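Participant: Mind looking over this structure? Questions follow.
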Amino acid sequence: MVEKNQDFPRAWVEFVDPEDDTNLYRCDLTWLTSRWTCIWGNGCKGIDKENPDVGCCNLGAHIADKEDLKNTKKYAAMLTPEIWQNHKEGHKNGMFEKDDDGAKKTRAYNGACIFHNRNGFEGGDGCSLCWELPIRRTFEEVKRPDDVDIIVIGIEEYNRRGWGPGGEDLDWYCTTATEAHVGARAVYQSYEPELTALMGKKAYKILADHCAAREEMIAAAKASDNTRAIKYLAIHPATPKS
Ligand code: SF4
(Lines give C-alpha, C1' and ligand atoms only; values in the text may rest on other atoms or scores of the structure.)
Protein backbone atom coordinates (compact mmCIF):
# COMPACT_ATOMS: atom_id res chain seq x y z
CA MET A 1 0.00 0.00 0.00
CA VAL A 2 1.85 3.02 -1.29
CA GLU A 3 0.94 6.56 -2.24
CA LYS A 4 2.95 7.28 -5.40
CA ASN A 5 4.62 10.57 -6.21
CA GLN A 6 2.14 12.71 -8.16
CA ASP A 7 4.63 13.71 -10.88
CA PHE A 8 4.87 11.04 -13.56
CA PRO A 9 4.51 10.84 -17.36
CA ARG A 10 0.94 11.18 -18.58
CA ALA A 11 -0.77 10.61 -21.92
CA TRP A 12 -3.22 13.32 -23.04
CA VAL A 13 -5.69 13.76 -25.84
CA GLU A 14 -6.95 17.07 -27.23
CA PHE A 15 -10.05 17.49 -29.34
CA VAL A 16 -12.43 20.28 -30.28
CA ASP A 17 -15.75 20.33 -28.46
CA PRO A 18 -18.26 18.98 -31.02
CA GLU A 19 -20.85 21.42 -29.68
CA ASP A 20 -18.71 24.57 -29.49
CA ASP A 21 -15.59 24.98 -31.62
CA THR A 22 -14.23 27.69 -29.30
CA ASN A 23 -13.70 24.99 -26.67
CA LEU A 24 -10.78 22.58 -26.81
CA TYR A 25 -10.86 19.57 -24.50
CA ARG A 26 -7.56 18.42 -23.05
CA CYS A 27 -8.05 15.13 -21.23
CA ASP A 28 -5.70 13.07 -19.08
CA LEU A 29 -5.88 9.57 -20.54
CA THR A 30 -3.48 8.20 -17.95
CA TRP A 31 -5.96 9.10 -15.22
CA LEU A 32 -9.16 8.34 -17.10
CA THR A 33 -8.05 4.83 -18.06
CA SER A 34 -6.72 4.10 -14.57
CA ARG A 35 -8.56 1.70 -12.26
CA TRP A 36 -8.95 4.21 -9.45
CA THR A 37 -12.15 3.80 -7.51
CA CYS A 38 -13.50 5.45 -4.37
CA ILE A 39 -12.79 3.09 -1.48
CA TRP A 40 -14.64 5.11 1.13
CA GLY A 41 -15.78 2.68 3.83
CA ASN A 42 -13.54 0.05 2.30
CA GLY A 43 -10.01 1.09 3.18
CA CYS A 44 -10.11 4.88 2.69
CA LYS A 45 -7.95 6.42 5.42
CA GLY A 46 -9.44 9.90 5.02
CA ILE A 47 -7.55 13.11 4.35
CA ASP A 48 -7.61 13.89 8.09
CA LYS A 49 -6.46 10.99 10.22
CA GLU A 50 -8.39 12.44 13.18
CA ASN A 51 -11.61 12.24 11.18
CA PRO A 52 -11.17 9.24 8.84
CA ASP A 53 -14.83 8.27 8.61
CA VAL A 54 -15.71 11.22 6.38
CA GLY A 55 -13.06 10.40 3.74
CA CYS A 56 -12.28 13.60 1.84
CA CYS A 57 -15.58 15.26 2.73
CA ASN A 58 -14.52 17.14 5.85
CA LEU A 59 -13.81 20.44 4.10
CA GLY A 60 -16.75 20.73 1.72
CA ALA A 61 -16.50 21.00 -2.06
CA HIS A 62 -15.69 24.10 -4.10
CA ILE A 63 -18.19 25.37 -6.62
CA ALA A 64 -16.67 25.78 -10.09
CA ASP A 65 -18.91 28.49 -11.56
CA LYS A 66 -22.46 29.87 -11.71
CA GLU A 67 -23.70 26.88 -13.65
CA ASP A 68 -22.20 24.49 -11.10
CA LEU A 69 -23.91 26.45 -8.31
CA LYS A 70 -27.22 26.39 -10.16
CA ASN A 71 -26.98 22.64 -10.72
CA THR A 72 -25.93 21.94 -7.14
CA LYS A 73 -28.91 23.94 -5.85
CA LYS A 74 -31.21 22.18 -8.28
CA TYR A 75 -30.11 18.71 -7.17
CA ALA A 76 -30.04 19.70 -3.49
CA ALA A 77 -33.67 20.78 -3.82
CA MET A 78 -34.54 17.22 -4.85
CA LEU A 79 -33.06 15.70 -1.68
CA THR A 80 -35.51 14.62 0.99
CA PRO A 81 -34.91 14.13 4.75
CA GLU A 82 -34.93 10.37 4.07
CA ILE A 83 -31.82 10.55 1.89
CA TRP A 84 -30.09 13.66 3.30
CA GLN A 85 -29.25 13.57 6.99
CA ASN A 86 -28.71 17.36 7.27
CA HIS A 87 -31.80 18.30 5.28
CA LYS A 88 -33.28 20.47 8.07
CA GLU A 89 -29.98 22.16 8.95
CA GLY A 90 -29.12 22.84 5.31
CA HIS A 91 -32.45 24.45 4.55
CA LYS A 92 -32.51 26.43 7.79
CA ASN A 93 -28.94 27.74 7.97
CA GLY A 94 -27.58 27.35 4.47
CA MET A 95 -25.79 24.86 2.25
CA PHE A 96 -22.93 27.09 1.07
CA GLU A 97 -20.22 29.29 2.53
CA LYS A 98 -17.03 31.04 1.44
CA ASP A 99 -13.54 29.78 2.20
CA ASP A 100 -10.75 32.01 3.55
CA ASP A 101 -10.02 33.22 0.00
CA GLY A 102 -13.65 34.09 -0.68
CA ALA A 103 -14.33 31.12 -2.98
CA LYS A 104 -17.77 29.57 -2.75
CA LYS A 105 -18.00 26.01 -1.43
CA THR A 106 -20.44 23.67 0.22
CA ARG A 107 -20.75 24.35 3.91
CA ALA A 108 -18.79 22.34 6.46
CA TYR A 109 -21.07 21.28 9.30
CA ASN A 110 -20.16 19.13 12.30
CA GLY A 111 -16.79 18.20 10.84
CA ALA A 112 -17.88 17.30 7.31
CA CYS A 113 -19.51 18.66 4.18
CA ILE A 114 -23.16 19.32 4.93
CA PHE A 115 -24.15 16.88 2.18
CA HIS A 116 -22.20 14.04 3.79
CA ASN A 117 -24.38 11.46 5.52
CA ARG A 118 -22.60 9.90 8.48
CA ASN A 119 -22.02 6.21 9.05
CA GLY A 120 -25.18 4.51 10.20
CA PHE A 121 -27.62 6.99 8.63
CA GLU A 122 -30.64 4.95 7.51
CA GLY A 123 -30.87 6.64 4.11
CA GLY A 124 -27.33 5.57 3.24
CA ASP A 125 -23.96 6.92 4.34
CA GLY A 126 -21.62 8.99 2.17
CA CYS A 127 -22.38 11.88 -0.14
CA SER A 128 -26.10 12.51 -0.61
CA LEU A 129 -25.33 14.33 -3.88
CA CYS A 130 -23.46 12.84 -6.80
CA TRP A 131 -20.08 14.62 -6.79
CA GLU A 132 -17.36 14.97 -9.40
CA LEU A 133 -14.25 14.63 -7.23
CA PRO A 134 -11.68 13.29 -8.10
CA ILE A 135 -12.27 14.53 -11.64
CA ARG A 136 -10.87 18.04 -11.98
CA ARG A 137 -12.24 20.36 -14.66
CA THR A 138 -10.16 23.43 -15.43
CA PHE A 139 -10.68 26.36 -17.78
CA GLU A 140 -7.87 28.28 -19.45
CA GLU A 141 -8.34 31.22 -21.83
CA VAL A 142 -5.91 30.88 -24.73
CA LYS A 143 -5.28 33.02 -27.82
CA ARG A 144 -4.50 30.74 -30.74
CA PRO A 145 -1.78 31.76 -33.27
CA ASP A 146 -4.61 32.80 -35.63
CA ASP A 147 -5.76 35.32 -32.97
CA VAL A 148 -8.91 33.38 -32.12
CA ASP A 149 -9.69 33.19 -28.41
CA ILE A 150 -10.55 29.73 -27.19
CA ILE A 151 -11.10 28.02 -23.86
CA VAL A 152 -8.97 24.98 -23.11
CA ILE A 153 -10.99 22.73 -20.81
CA GLY A 154 -8.91 20.30 -18.80
CA ILE A 155 -10.40 17.01 -17.63
CA GLU A 156 -7.80 15.81 -15.18
CA GLU A 157 -6.89 13.94 -12.04
CA TYR A 158 -7.87 15.86 -8.93
CA ASN A 159 -4.61 15.06 -7.23
CA ARG A 160 -3.20 16.67 -4.10
CA ARG A 161 -2.45 19.88 -6.00
CA GLY A 162 -6.14 20.23 -6.81
CA TRP A 163 -6.66 21.03 -3.13
CA GLY A 164 -4.43 24.08 -3.35
CA PRO A 165 -1.36 24.74 -1.19
CA GLY A 166 -2.88 22.64 1.63
CA GLY A 167 -2.93 19.53 -0.55
CA GLU A 168 0.56 18.54 0.50
CA ASP A 169 -0.56 18.51 4.14
CA LEU A 170 -3.40 16.01 3.73
CA ASP A 171 -2.70 13.00 5.94
CA TRP A 172 -3.58 10.65 3.09
CA TYR A 173 -5.19 10.93 -0.32
CA CYS A 174 -6.36 8.32 -2.76
CA THR A 175 -5.67 9.26 -6.39
CA THR A 176 -2.09 7.99 -6.38
CA ALA A 177 -2.59 5.39 -3.63
CA THR A 178 -2.24 1.83 -4.87
CA GLU A 179 -4.99 0.60 -2.55
CA ALA A 180 -7.55 2.75 -4.42
CA HIS A 181 -6.56 1.48 -7.89
CA VAL A 182 -8.68 -1.64 -7.63
CA GLY A 183 -11.74 -0.68 -9.69
CA ALA A 184 -13.46 -3.27 -11.85
CA ARG A 185 -13.76 -0.65 -14.59
CA ALA A 186 -11.67 2.30 -15.74
CA VAL A 187 -12.47 5.80 -14.43
CA TYR A 188 -13.95 6.95 -17.78
CA GLN A 189 -16.49 4.13 -17.49
CA SER A 190 -17.31 4.28 -13.79
CA TYR A 191 -17.61 8.08 -14.01
CA GLU A 192 -19.63 8.16 -17.22
CA PRO A 193 -22.56 10.07 -15.61
CA GLU A 194 -20.26 12.69 -14.06
CA LEU A 195 -18.14 13.10 -17.21
CA THR A 196 -21.25 13.36 -19.37
CA ALA A 197 -22.58 16.07 -17.06
CA LEU A 198 -19.26 17.93 -17.28
CA MET A 199 -18.67 17.60 -21.03
CA GLY A 200 -21.97 16.76 -22.72
CA LYS A 201 -22.86 13.47 -24.42
CA LYS A 202 -21.07 14.09 -27.72
CA ALA A 203 -17.74 15.08 -26.19
CA TYR A 204 -17.95 12.21 -23.71
CA LYS A 205 -18.42 9.77 -26.60
CA ILE A 206 -15.24 11.06 -28.29
CA LEU A 207 -13.35 10.78 -25.02
CA ALA A 208 -14.65 7.27 -24.33
CA ASP A 209 -13.56 6.13 -27.82
CA HIS A 210 -10.02 7.41 -27.19
CA CYS A 211 -9.94 5.72 -23.79
CA ALA A 212 -11.23 2.41 -25.16
CA ALA A 213 -8.59 2.45 -27.94
CA ARG A 214 -5.91 3.14 -25.35
CA GLU A 215 -7.12 0.27 -23.19
CA GLU A 216 -6.83 -2.03 -26.22
CA MET A 217 -3.25 -0.84 -26.82
CA ILE A 218 -2.33 -1.41 -23.18
CA ALA A 219 -3.88 -4.89 -23.19
CA ALA A 220 -1.99 -5.79 -26.39
CA ALA A 221 1.30 -4.49 -24.99
CA LYS A 222 0.83 -6.49 -21.80
CA ALA A 223 -0.23 -9.63 -23.69
CA SER A 224 2.93 -9.51 -25.80
CA ASP A 225 5.06 -8.48 -22.81
CA ASN A 226 6.19 -5.44 -24.79
CA THR A 227 8.01 -3.65 -21.97
CA ARG A 228 8.98 -0.66 -24.13
CA ALA A 229 5.36 -0.05 -25.16
CA ILE A 230 4.16 -0.56 -21.59
CA LYS A 231 6.64 2.07 -20.39
CA TYR A 232 5.77 4.69 -23.02
CA LEU A 233 2.01 4.24 -22.81
CA ALA A 234 2.34 6.15 -19.52
CA ILE A 235 0.15 3.87 -17.45
CA HIS A 236 -0.84 5.34 -14.07
CA PRO A 237 1.89 4.31 -11.58
CA ALA A 238 -0.63 3.23 -8.92
CA THR A 239 -2.01 0.57 -11.29
CA PRO A 240 -1.41 -3.04 -10.18
CA LYS A 241 1.31 -4.65 -12.29
CA SER A 242 -0.71 -7.61 -13.65
S1 SF4 B 1 -12.51 10.04 -3.06
FE2 SF4 B 1 -10.68 9.12 -2.08
S3 SF4 B 1 -10.34 10.26 -0.16
FE4 SF4 B 1 -12.44 10.69 -0.89
S5 SF4 B 1 -13.75 9.18 0.17
FE6 SF4 B 1 -13.20 8.26 -1.83
S7 SF4 B 1 -11.32 7.06 -1.43
FE8 SF4 B 1 -11.60 8.44 0.33
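The values are calculated or read from the model by the stated rules, or taken from the named source; none is laboratory data. Computed from a prediction, not measured in an experiment: that's the story for all the values here. Here the Cβ is made from the backbone with ideal geometry for all residues, glycine too, and neighbour counts use every protein chain on show.
Participant: Being surrounded by fewer than 18 Cβ atoms within 10 Å (Cβ to Cβ), assigned by TED's automatic domain parsing to the domain that holds residue 61 and either over 18 Å from residue 27 (Cβ atoms) or within 19 Å of the chain's Cα centre (by Cα) (or both) narrows it down to one residue among 226, 119; which is it?
Facilitator: None of the others qualify; the one that does is 119.
Participant: For region 31-50, name all the residues that are buried (at least 21 other Cβ atoms within 10 Å of the Cβ) and either closer than 18 Å to residue 156 by Cβ or among the charged types (D, E, K, R) (or both). Walk me through how you get there before you give the answer.
Facilitator: Initial filter on region 31-50 (buried (at least 21 other Cβ atoms within 10 Å of the Cβ)): 31-34, 36, 47.
Within region 31-50, 31, 32, 33, 34, 36 qualify.
Participant: Is there a residue being without any contact (Cβ under 8 Å) to a residue 40 or more places away in the chain, closer than 25 Å to residue 96 by Cα, touching a Ser or Thr at 6+ places or on another chain (Cβ under 6 Å) and not charged (D, E, K, R) anywhere in region 117-133?
Facilitator: Yes, the conditions are met somewhere in region 117-133.
Participant: Restricting attention to region 46-66, report how many residues are more than 13 Å from the ligand (Cβ to nearest atom) and in contact with a helix residue (DSSP H, G or I) (Cβ under 8 Å, 6 or more places away or on another chain).
Facilitator: Matching residues across region 46-66 total 1.
Participant: Any residue at all in region 51-60 that's charged (D, E, K, R), buried (at least 16 other Cβ atoms within 10 Å of the Cβ) and either touching a residue at least 60 places away in the same chain (Cβ under 8 Å) or farther than 21 Å from residue 157 by Cα (or both)?
Facilitator: There is at least one residue in region 51-60 that is charged (D, E, K, R), buried (at least 16 other Cβ atoms within 10 Å of the Cβ) and either touching a residue at least 60 places away in the same chain (Cβ under 8 Å) or farther than 21 Å from residue 157 by Cα (or both).
Participant: Select from region 122-167 the residues that are modelled with pLDDT of 90 or more, of a type in the set (Asp, Glu) and touching a helix residue (DSSP H, G or I) at 6+ places or on another chain (Cβ under 8 Å) and write down the one among them that is farthest from the ligand (Cβ to nearest atom).
Facilitator: Ranking the qualifying residues of region 122-167, first place goes to 156.
Participant: Checking residue 68 against (1) surrounded by 15 or more Cβ atoms within 10 Å (Cβ to Cβ); (2) part of a loop (DSSP other than H, G, I, E, B), only one condition comes out false. Which one?
Facilitator: Evaluating residue 68 over (1) surrounded by 15 or more Cβ atoms within 10 Å (Cβ to Cβ); (2) part of a loop (DSSP other than H, G, I, E, B) leaves (2) as the failure.
Participant: Among the listed residues 221, 203, which satisfies the condition of being over 14 Å from the mean Cα position of the chain (by Cα) and touching a residue at least 24 places away in the same chain (Cβ under 8 Å)? If you could, list the steps in order and put the result at the bottom.
Facilitator: Numbers: 221 fails: touching a residue at least 24 places away in the same chain (Cβ under 8 Å).
Answer to the check: 203.
Participant: So, in region 124-144, of the ones that are farther than 18 Å from residue 195 by Cα and of a type in the set (Asp, Glu), which residue ends up farthest from the chain's Cα centre (by Cα)?
Facilitator: Taking the candidates together, the pick is 141.
Participant: Among the listed residues 221, 238, 234, which satisfies the condition of being crowded, with 16+ Cβ neighbours inside 10 Å, at pLDDT 95 or above and within 16 Å of the ligand (Cβ to nearest atom)?
Facilitator: After ruling out the rest, the residue left standing is 238.
Participant: Sort through 79, 69 and tell me the only one that's in contact with a Lys or Arg (Cβ under 9 Å, 6 or more places away or on another chain) and not assigned by TED's automatic domain parsing to the domain that holds residue 210. Let's see the steps before the verdict.
Facilitator: Numbers: 79 fails: in contact with a Lys or Arg (Cβ under 9 Å, 6 or more places away or on another chain).
On inspection, the qualifying residue turns out to be 69.
Participant: Which of (1) touching a Phe, Trp or Tyr at 6+ places or on another chain (Cβ under 6 Å); (2) free of Cβ contacts under 8 Å to residues at least 24 places away in the same chain does residue 67 not meet, given it meets every other one?
Facilitator: Single failed check for residue 67: (1).
Participant: Based on what the data block shows, is residue 79 over 25 Å from residue 6 (Cβ atoms) and hydrophobic (A, V, I, L, M, F, W, C)? Before you say what the answer is, go through the steps one by one.
Facilitator: On the way: over 25 Å from residue 6 (Cβ atoms): yes; hydrophobic (A, V, I, L, M, F, W, C): yes.
The answer is yes for residue 79.
Participant: OK, next. Would you mind stating whether residue 58 is assigned by TED's automatic domain parsing to the domain that holds residue 157 and either in a loop (DSSP other than H, G, I, E, B) or of a type in the set (A, V, I, L, M) (or both)?
Facilitator: So residue 58 fails the test.
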